[in-house]
Protein chains: 2
Amino acid sequence: MTTRTIRFYEEKGLVHPLRQGQKRLFTPADRVRIKLILRGKRIGMTLQDSVALIDMYEPQRNNSRQLHSLIGTVEARRATLLQQRSDIDDMLAGLDEVKGLCEQALGKRRHRVSGIKRK
Amino acid sequence: MTTRTIRFYEEKGLVHPLRQGQKRLFTPADRVRIKLILRGKRIGMTLQDSVALIDMYEPQRNNSRQLHSLIGTVEARRATLLQQRSDIDDMLAGLDEVKGLCEQALGKRRHRVSGIKRK
DNA sequence: ATTGACGTTTACGTTAACGTCAATATCTAC
DNA sequence: GTAGATATTGACGTTAACGTAAACGTCAAT
């Protein structure tokens, strides 16, 4: 995080740090918000997506329609997260495979050499 | 995927479809490559990252230094994937929590109504 | 031989998420 | 009280990953 990033986030309304003159003061809540945004970024979410996700926690006044709508949003996000996790698991399996091939190649090489030595 | 996307990928050297005149012909291998790229995109990888990941599978001639280097790359990618999966699990837990709160709010409402009726 | 339906190239446009730079203000240490 | 380190505000620049528009080729069907 650079200061520029912080300013950019404030400019976009993602955080609202207090002001002491021209300086920004960040409450622990601000820091948590930022960390949640970064977490979202790590899995490819946009800043807006992260904010939308974070805002689900906020105790906005809830009528029944809004609650059902929110549940729908939750389910949708849940589905993409599950897809992403599945993608990740596939990649991890692939990486293990590659690593195995590498080690096997290295192992064979060592074995070939030791074979020569043994003779 | 739009045709524009395909052309863009070819322009960037991500795929190399055969040509029949001016038309592009995609082999099954091309399609797999593209699907792997899309999988990478789903978890926020750049196109270059995806290509780098895909290329790990290719049987490039392997000297010992390159193999060790590749293992290092694999380990690094593995670490970020694990981080991402952990992030996703955290978010899923958060979503369950939100959903629980929603259902609870809706349940309470229903209960309140039925309570009135029962009286 | 014309009409869609589709594909192509070229080239400029767009959005997200910052980077970079210049000019100015604040604070801290010496 | 002055230098140096750090923060701030515009304002323009940058990169990735395409979108969009214009102008043209191709091929089957009418």
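The values are calculated or read from the model by the stated rules, or taken from the named source; none is laboratory data. This structure is a prediction, so every number in the text was calculated from the model and none was measured. Heads up, the Cβs are rebuilt from the backbone with ideal geometry, glycines too, and the neighbour counts pull from every protein chain shown.
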For segment A:104-114, does any single residue satisfy the condition of being more than 27 Å from B:Glu58 (Cβ to Cβ) and modelled with pLDDT under 90? yes
Quick check on my filter: what residues within segment A:74-101 are surrounded by 16 or more Cβ atoms within 10 Å (Cβ to Cβ) and either hydroxyl-bearing (Ser, Thr, Tyr) or more than 7 Å from chain B (Cβ to nearest Cβ) (or both)? A:Gly94, A:Leu101
B:Ile37, sole failed condition from (1) within 9 Å of DNA strand D (Cβ to nearest atom); (2) more than 23 Å from B:Thr80 (Cα to Cα): (2)
Among residues of segment A:16-55, those that are crowded, with 17+ Cβ neighbours inside 10 Å, within 12 Å of DNA strand C (Cβ to nearest atom) and more than 14 Å from chain B (Cβ to nearest Cβ), counted: 1
Filtering segment A:21-72 down to residues that are under 20 Å from the mean Cα position of the chain (by Cα) and of a type in the set (Lys, Arg) yields A:Arg31, A:Arg33, A:Lys35, A:Arg39, A:Lys41, A:Arg42
Identity of the residue in segment B:59-71, out of contact with any Cys (no Cβ under 7 Å at 6 or more places or on another chain) and within 10 Å of chain A (Cβ to nearest Cβ), that ends up modelled with the lowest pLDDT: B:Pro59
Flagged pairs (Cβ under 8 angstrom, 6 or more apart or on separate chains; first in segment A:2-25, within 22 Å of A:Asp49 (Cβ to Cβ); second among the charged types (D, E, K, R) and part of a helix (DSSP H, G or I)) are A:Leu14/A:Arg33; A:Val15/A:Asp30; A:Val15/A:Arg33; A:His16/A:Glu10; A:His16/A:Asp30; A:Pro17/A:Glu10; A:Pro17/A:Asp30
